[in-house]
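Chemist: Take a look at this one; I'll ask things after.
The values are calculated or read from the model by the stated rules, or taken from the named source; none is laboratory data. As the structure is a prediction and not an experimental result, all values here were calculated from the model. Glycine gets a Cβ as well: all are built from the backbone with ideal geometry, and neighbour counts include every protein chain shown. Calculation scope for accessible area: heavy atoms of the full protein, side chains included, ligands and nucleic acids excluded. Shrake-Rupley method; radii C 1.70, N 1.55, O 1.52, S 1.80 Å.
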Amino acid sequence: MRVRASAPGKAILVGEHFVVEGSPAIAVALDVRAHVTVERIEENIVKVISRELGEATYGEHEEEDRLYPVYIAAREVVQRSGEPTGLKITVESDIPPGAGMGSSAAVAVATVAATAKLLGLTLTPDEVAQSALAAEVVVHGKPSGIDPTVSSYGGAILFKKGDKPKRINADFDQIRLVLADSGIQRSTGKLVSKVLETKKKFPGILEPLYRSATELVEKTREALENGDFATVGELMNINHGLLSALGVSNAKLEELVYAAREAGALGSKITGAGGGGMVLALCWKEDAESVCQRLRGLAARIIVTPVSDKGIAYTLEN
Ligand code: PMV
């Protein structure tokens, strides 16, 4: 038997970085997905084959290479099942890696979901996210858990470390997200550490920003529930200012953020760790094309996507 599962990438609407220290954040699932197929093999090893990143085998000799988190995600489930088994895992992801779109989390979530189903375990979305988090720890040290959570649930999620994630009841039908890639590679782990160091150095200056972010996220949630996307955009712009204050913006990201706003986005900001990666612009459906046009030539790549309600999905079994 083979089980194929998929999980979506994500964008953080508001609250990244602040969420690491216990503030809330809101993330949405995107219509861009990672697909993972898992089957048993006779040998007691885990073989990972990635369309994007090549192949690796784990079991006896373990090297912490780029596919290692996929192995960790599967190993979490095998350990939970208490039934050692060899696995072949095939990964196909349409989510650009290392750009703040939650590609590693989506791959981990799909791996956990497919492996659990193959081994006959029934896991809740929270349990899938928790197992996938073990893989995220390998990728970037101190993850808040927001990425695997939104990828498991789909839709829009209010996330706060230690609390049960809450699905936000919002209608995104008339909205498109435009994601513009700065083309600058960055490491989430390093940026998270840098922000935490700055907070340690200037607690009296940064702590008010964390309180401000908490209120900003609460107001964003209200605006989303009321369908007031103009206010959501305004709050995203303020959130961008807070992220700049934390030191995770740069000239390229600012250029993209302002170009999107000038071209008619409701709001635009860094999304994810910053330092590079993607800028997120919230747009009315009918304005998305002119925002894209303005960003073309400035961005290394542009992705336009609706918010997706779909979290984990099983796409094939035989
Ligand atoms: O890895 P990214 O770029 O999707 O960003 C993760 C968001 C942070 O808040 C910076 C870190 C985290 O684990 O929540």
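Chemist: Evaluate the relative contact order of the range 167-318 (contact order divided by residue number), counting alpha-carbon pairs under 8 angstrom at least 6 apart; express in whole percent.
Modeler: Relative contact order for the range 167-318 comes out at 39 percent.
Chemist: How much of residue 3 can a 1.4 Å solvent probe reach, expressed as accessible area in Å² and rounded to 10?
Modeler: 0 Å²
Chemist: For the range 52-163, which whole percent of the accessible surface, found with a 1.4 angstrom probe, sits on carbon and sulfur atoms?
Modeler: 47 percent
Chemist: Just to confirm, what accessible area per residue do you get for the chain at 1.4 Å probe, in whole Å²?
Modeler: 41 Å²
Chemist: Here's another thing I want to ask about it. Kirkwood Rh, Cα Rg: Rg to Rh for the range 247-318?
Modeler: That ratio equals 1.09.
Chemist: So, taking all protein chains as they sit and a 1.4 Å probe, how much accessible area belongs to residue 49, in Å² rounded to tens?
Modeler: Near enough 40 Å² of accessible area.
Chemist: Keeping all protein chains in place and using 1.4 angstrom, which order do 196, 30 fall into by accessible surface area, from largest down?
Modeler: So the residues, ranked largest to smallest area, are 196, 30.
Chemist: Which whole-Hz ³J(HN,Hα) couplings does the range 64-81 yield from phi under the Karplus relation 6.51 cos²θ - 1.76 cosθ + 1.60, θ = phi - 60°, glycine and proline marked x?
Modeler: 7, 8, 5, 9, 3, x, 5, 4, 4, 4, 5, 4, 3, 6, 4, 5, 4, 6
Chemist: Going from the alpha-carbon gyration tensor of the range 175-305, what semi-axes, largest first and in whole Å, does one get by taking the root of 5 times each eigenvalue?
Modeler: Gyration-tensor ellipsoid for the range 175-305: 25, 19, 10 Å.
Chemist: If you take the Cα atoms of the chain, find Rg, then find the Kirkwood Rh from the mean of 1/r over all pairs, what is Rg/Rh?
Modeler: Rg/Rh: 0.98.
Chemist: I would also like to ask the following. Can you tell me the FRET efficiency between residue 171 and residue 81 if r is taken as the Cβ-Cβ distance and R0 is 41 Å, rounded to the nearest 0.05?
Modeler: 0.55
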